[in-house]
Amino acid sequence: SEPVDRPQQQGFDLGTPISASRADELSDLDVLSSPAVSSKESVDTIAQDVLVIHLVAAKGQTLSGDALLKASTDIGLRYGGMKIFHRHASSDGSGPVLFSMANLVNPGTFDLNTIQSIKTAGVTLFMALDDLQDPLAAFDLMVDATRSLADQLGLNMMDESRSSMTTQTIDHYRQRAKKAQVSSADGQS
């Protein structure tokens, strides 16, 4: 049987705002903190368990859109719905979305016509655990992609509260993904 397409969520709470001192360093960049949630969305949609990893440029630095585009496509991310990048189940861009990547700078989107000339403070990778058939495998793919982008682009990995991403945080996220997988399996039996 074919999986049922679920409506795309337009606004995730992607964490707490960047500190005032960090925002000042980013000068005129409008840093994304919490996109407005559409009034059309249900309470169930808003309450989804979402794993978030921020990739942030070093103090006083920005990330070039040109480098970001190349690195993103190299790891299998594809530009798509909501004007952000997505990693699909299949490398050809088909199948369900496993995780997505938004711009850390408001409005959180990318314009392919101008991406090669933009500068940004970083990006946010996120996944809605409730929407995934195999959240644990998707999480492992997201962590690998995040590490690859961080290494290639010289970015700092941060958790949902914008603290440095530690091994313990990754393990905690993995446990959340495992719990979602068990809940998903229980719901299907």
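For this structure, a couple of remarks:
- Shown is the FRET efficiency for SER117 and ASP74, computed with R0 = 22 Å from the Cβ-Cβ distance and rounded to the nearest 0.05: 0.65.
- Mean separation of Cα pairs under 8 Å and 6 or more residues apart, divided by the residue count, gives region 38-153 a relative contact order of 34 percent.
- Positive-end residue, region 85-189 charge dipole about Cα centroid, Cβ charges, pick of SER164, THR124, LEU104: SER164
- Gain in span if fully extended, LYS83 to LYS178, counting 0.36 nm per residue against the direct Cα distance: 31.3 nm
- Using the Cβ-Cβ distance between SER91 and SER161 with R0 set to 35 Å, the FRET efficiency from 1/(1 + (r/R0)^6) comes to roughly 0.60.
- Summary value for region 65-121: 35 percent relative contact order, contacts being C-alpha pairs under 8 angstrom separated by 6+ residues.
- For region 46-113, the square roots of the Cα gyration tensor eigenvalues, ordered a ≥ b ≥ c, give a/c of at least 1.5 with a/b no greater than b/c, which places it in the oblate category.
- Extension reserve of the GLN152-ASP186 stretch, reckoned as 0.36 nm per residue once the Cα distance is removed: 8.3 nm
No lab work stands behind these numbers, since they all come straight from the coordinates. All figures in this text were calculated on a predicted structure; none of them were measured in a lab. As a convention, Cβ positions derive from the backbone with ideal geometry for all residues, glycine included, and neighbour counts pool all protein chains shown.
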